[in-house]
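Student: If you scroll down you'll find the structure; I have some questions about it.
The values are calculated or read from the model by the stated rules, or taken from the named source; none is laboratory data. None of the values given here were measured: they were computed from a predicted structure. Because the Cβ atoms are built from the backbone with ideal geometry, glycine has one as well, and the counts that use them run over all protein chains shown.
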């Protein structure tokens, strides 16, 4: 599945999504939302309507985390985890366009993916990031320093 993607070089998640949009023949819109997680929503979500796919994602995060969130949702799309297009999703997108996500967060669909589906979506995100060289071998450092390195996307060369 990853080999079939047109991964742009240099990597740009918006260009990757445009390629997926062309390949699937369905509109794919990205909606950055500041403070999404503080509204009680997950850091990313995919809402499919009859005519388009919408990925809402937390924008108040690092670029690599933002890309990972989007790629995780793309994984759900590519695996077709949302098996039906809900009338509720069309209504939801109209509400978001009219009054903003902050006002409708309580109405967000609560799709519960299985653990297998979550693992598949996460694997796709990870494989794309590995393919473009954003993920490297874990740092030999432990604890706080390793966590900070990972959070900011810092990669140590094997000699350091």
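Student: State whether the residues of the range 103-116 include one that is buried (at least 19 other Cβ atoms within 10 Å of the Cβ) and either modelled with pLDDT of 75 or more or more than 17 Å from the chain's Cα centre (by Cα) (or both).
Tutor: Looking for residues that are buried (at least 19 other Cβ atoms within 10 Å of the Cβ) and either modelled with pLDDT of 75 or more or more than 17 Å from the chain's Cα centre (by Cα) (or both), one finds none in the range 103-116, hence no.
Let's see how each residue does on (1) more than 18 Å from residue 81 (Cβ to Cβ); (2) out of contact with any helix residue (DSSP H, G or I) (no Cβ under 9 Å at 6 or more places or on another chain):
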residue	(1), (2)
7	yes, no
13	yes, no
38	yes, yes
43	no, no
49	no, no
56	no, no
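Student: If you don't mind, another one. Applying the selection to the range 38-57, what residues are outside any strand (DSSP E or B), in contact (Cβ under 8 Å) with a residue 40 or more places away in the chain and closer than 19 Å to residue 79 by Cβ?
Tutor: 49
Student: I need every pair where a residue in the range 22-37 that is closer than 11 Å to residue 59 by Cβ has its Cβ under 7 Å from the Cβ of a residue that is at pLDDT 95 or above, sequence separation at least 6 or different chains.
Tutor: 30/14; 30/17; 30/70
Student: Free of Cβ contacts under 8 Å to residues at least 40 places away in the same chain, touching a helix residue (DSSP H, G or I) at 6+ places or on another chain (Cβ under 9 Å) and under 16 Å from residue 73 (Cβ atoms): does that describe residue 19?
Tutor: no
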